[in-house]
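To keep things clear, I will list the structure first and then write my remarks on it.
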Amino acid sequence: MDRAIAAGARGIQIFTNVNGRPLDEPEFFPVFERATRTHGVPIWMHPARPGSRPDYVGEQKSKYEIWQVLGWPFETSIAMARMVFSAFFEKLPDLRIITHHCGGMIPYFSGRAETLWAQLGSRTADENYEDVLKSMAKKPIEYFRMFYGDTVLGGSASALRCGLDFFGADRVVFASDCPFDPEGGPMFIREGIRSVEDLKLSEADKRKIYFGNAVKLLGIKTENRKPAKKKK
């Protein structure tokens, strides 16, 4: 990682698990710590769930590509939850993680997440999760809002609206997912732009989503050029 960043990288990519192991295992924490404290770069998190992981216990593999269409947002949501309850943001307040697919399931199920996790421990007899809640400086749902989300939602304006309502315009960045669409690239870019425009956002919020937030996250320096003078 150090070599990549030294070579000019402005961020790193991780997956939602490491060969099936959760990201909140102590062995992996130094990666997040070094990216945040030493290099100050954001981390883009992409879901990883293979087709070999079945939808039901009695089956051998996932069917109908459910592993990707529904499994990937689920994987993202799981990784986010493990980070929240493992106190990632308590240990690393400046941690910046951009979640693919605008936070997976979390924005849509934010009401459920807020109310049920406020009762963490009430449904578990073999572990004392109440101590976890007591140790948290904020409500669990507030930590989920500390993630960032990208706009890759297949062009759904209503899904993007949900993500923006949850994260806020300051924490959503435009992404293309190119070339993984039925047209080999242009469709998701075109439909992503349409989804943003369909929401009738303010010009200020659109600038944040299209490039402003990414510029800040990636530490890109921009030049304030003065407009050219008109010739007399």
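The values are calculated or read from the model by the stated rules, or taken from the named source; none is laboratory data. What you see is a predicted model, and the numbers here were worked out from it, not measured in a lab. All Cβ positions, glycine included, derive from the backbone under ideal geometry; neighbour counts span all protein chains shown. Side chains included, ligands, DNA and RNA excluded: accessible areas come from the protein's heavy atoms. Shrake-Rupley method; radii C 1.70, N 1.55, O 1.52, S 1.80 Å.
Only one of the listed residues (R37, R10) is surrounded by 14 or more Cβ atoms within 10 Å (Cβ to Cβ), closer than 27 Å to F89 by Cα and among the basic types (K, R). That residue is R10. Could you tell me whether K208 is at pLDDT below 95 and among the basic types (K, R)? When the stated conditions are applied, K208 does not pass them.
For the range 13-28, the set of residues classified as open to solvent by 30 Å² or more (accessible area, probe 1.4 Å) and without any contact (Cβ under 8 Å) to a residue 40 or more places away in the chain consists of Q13, F15, V18, N19, G20, R21, E25, P26, E27, listed by residue number. The residues of the range 92-102 that are open to solvent by 30 Å² or more (accessible area, probe 1.4 Å) and touching a Phe, Trp or Tyr at 6+ places or on another chain (Cβ under 8 Å), listed by number, are R96, H101. In summary, helices (runs of 4 or more DSSP H) completely within the range 56-111 and bearing 2 or more residues that are of a type in the set (S, T, N, Q) and either in contact with a Lys or Arg (Cβ under 9 Å, 6 or more places away or on another chain) or under 29 Å from H39 (Cα atoms) (or both) occur at 71-85.
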